């Protein structure tokens with residue numbers, strides 16, 4: 001069985017421009033086992049999905065101890081690299097972030113999504129301050145001797161109209177550089193959907209680029225051709241599962257009406 005460090009190294013190696021890692025996001029041990037059984041190379045959680053499964057909203061509404069306990073259950077259920085959608089790290093100050101991320105690493109995770117949106121608002125952290133936050137996470141990763149894959153997420157595109165995305169490209173590239181220098185291993189740009197802009201970002205960004213599947217986003221094969229290195233599905237898998245559950249429940253409940 002691979003060690004946590006070996007899983008971390010394996011996970012990082014799966015991020016290849018033009019040959020992207022596909023992450024069909026799960027939310028609990030059961031979904032993780034299904035992913036393992038169908039041949040997934042790694043398991044990634046989605047914060048919205050985890051929240052919904054426990055009856056909470058998104059935006060760090062799930063108590064952190066619940067997130068960590070759920071993470072431990074997932075890791076115990078599959079012999080695969082597991083990365084956690086840790087939103088904003090449940091803290092603003094770098095010192096508190098270090099304590100929180102230490103718990104994530106101790107639970108067995110080998111990666112996190114870490115966003116630059118100020119949780120609960122539509123605003124983003126100043127680029128340099130977010131870089132300081134990422135640096136703090138990188139430091140605890142080094143202290144723990146686990147090469148945590150910090151997937152630095154920017155919400156520049158998710159929080160703006162697609163017609164304005166081109167105007168945010170330069171800022172996103174600057175953020176990717178600052179985050180890379182601070183210790184990020186990947187750059188996540190959810191909401192970006194224009195093929196030309198995705199291509200420009202992948203060409204300019206020194207980090208592997210992660211794109212999330214949403215309506216109007218190019219198909220995975222085209223994303224690979226655009227040099228995307230990671231494709232994730234966010235809350236989509238949970239939504240699909242619950243819609244199927246809902247339809248089946250309605251059919252069962254009304255079967256003798």
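Every read-out reported here was derived from the displayed coordinates using simple, explicitly stated rules and does not represent laboratory data. Everything numeric in this text was worked out from a predicted model, so none of it was measured. As a convention, Cβ positions derive from the backbone with ideal geometry for all residues, glycine included, and neighbour counts pool all protein chains shown.
Would you calculate, for the chain, the mean residue ellipticity at 222 nm contributed by helices, counting each DSSP H stretch of 4 or more residues as -39,500 (n - 2.57) and dividing by all residues, to the nearest 500? Write down the numbers at each step before the final one.
On the way: 10 runs with 124 residues, N = 257.
Counting only the DSSP helices, I get -15000 deg cm²/dmol.
Efficiency by 1/(1 + (r/R0)^6): what FRET value for residue 128 and residue 203, r their Cβ-Cβ distance, R0 = 25 Å, to the nearest 0.05?
Numbers: r = 25 Å, r/R0 = 0.98.
Plugging the Cβ-Cβ distance into 1/(1 + (r/R0)^6) gives 0.50.
Classify the stretch 4-253 as rounded, prolate or oblate from the Cα gyration tensor: take a ≥ b ≥ c as the square roots of its eigenvalues, call it rounded if a/c is under 1.5, otherwise prolate when a/b beats b/c and oblate if not. Intermediate values should be presented prior to the final figure.
On the way: a/c = 1.37, a/b = 1.11, b/c = 1.24.
It is rounded, given that a/c, with a ≥ b ≥ c, falls under 1.5.
Could you tell me whether the stretch 67-167 comes out rounded, prolate or oblate from its Cα gyration tensor? Rule is a ≥ b ≥ c as square roots of the eigenvalues, rounded for a/c under 1.5, then prolate if a/b exceeds b/c, otherwise oblate.
Working: a/c = 2.23, a/b = 1.59, b/c = 1.40.
The shape class here is prolate.
Run the numbers for residue 121 and residue 160: contour at 0.36 nm per residue of separation, minus the present Cα-Cα distance, in nm. If you can, show how the numbers build up before the last one.
Numbers: separation 39, 0.36 × 39 = 14.04 nm, distance 1.35 nm.
My answer for the length gained is 12.7 nm.
If you average the C-alpha positions of the stretch 185-257 and of the stretch 23-37 separately, how far apart do those two centres end up, in angstrom?
16 Å
With a ≥ b ≥ c the root eigenvalues of the C-alpha gyration tensor of the stretch 180-245, is it rounded (a/c under 1.5), prolate (a/b larger than b/c) or oblate? Before the final figure, lay out the partial values.
Values: a/c = 2.87, a/b = 1.64, b/c = 1.75.
It comes out oblate by the Cα gyration axes.
Could you calculate the contour length gain from residue 34 to residue 216, that is, 0.36 nm times the residue separation minus the distance between their Cα atoms, to one decimal place in nm? If you can, show how the numbers build up before the last one.
On the way: separation 182, 0.36 × 182 = 65.52 nm, distance 2.73 nm.
Computed gain between residue 34 and residue 216 is 62.8 nm.
What's the exposure ranking of 193, 5, 153, going from fewest to most Cβ atoms within 10 Å? Each step should come with its number before you reach the end.
Numbers: 193 19, 5 13, 153 27.
The most exposed by this proxy come first: 5, 193, 153.
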